[in-house]
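Reviewing the structure listed below.
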Amino acid sequence: MDISLILKVVGVGILVSVSCQILSKSGRDEQSMLVTIAGIVVVLLLLVEEIGGLFDMIRTVFGF
């Protein structure tokens, strides 16, 4: 696993949290929730390849 992946996830988390705070303070709670969901989707898309590699490693270790 590369450190750049961790930094990308942290960056997305910081951007989402700041955006949610700004939207919540301005009274746009629905849009704040949508930004949170979009952030989760972006992070999951970043992690899909790593999760696939983990499943391949588990498959080779247990001989499936």
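The values are calculated or read from the model by the stated rules, or taken from the named source; none is laboratory data. Because the structure is predicted, anything quoted here is derived from the model rather than measured. All Cβ positions, glycine included, derive from the backbone under ideal geometry; neighbour counts span all protein chains shown. Heavy atoms of the whole protein, side chains included, go into the accessibility calculation; ligands, DNA and RNA do not. Shrake-Rupley method; radii C 1.70, N 1.55, O 1.52, S 1.80 Å.
Observations on the model:
- Pairing each residue of the stretch 1-24 that is closer than 12 Å to V42 by Cβ with any residue that is open to solvent by less than 100 Å² (accessible area, probe 1.4 Å) and of a type in the set (S, T, Y), provided the two are 6+ apart or on different chains, yields C-beta distances under 7 Å for V16/T36.
- Selection from the stretch 1-14 of residues that are in a helix (DSSP H, G or I) and either charged (D, E, K, R) or open to solvent by 70 Å² or more (accessible area, probe 1.4 Å) (or both): I3, I6, L7, K8, V10, I14
- Counting the residues of the stretch 29-57 that are of a type outside the set (S, T, N, Q) and either open to solvent by 70 Å² or more (accessible area, probe 1.4 Å) or touching a strand residue (DSSP E or B) at 6+ places or on another chain (Cβ under 8 Å) (or both) gives 17.
- Only residues that are of a type in the set (A, V, I, L, M) and either within 11 Å of the chain's Cα centre (by Cα) or not in a helix (DSSP H, G or I) (or both) were counted across the stretch 15-64, and they come to 12.
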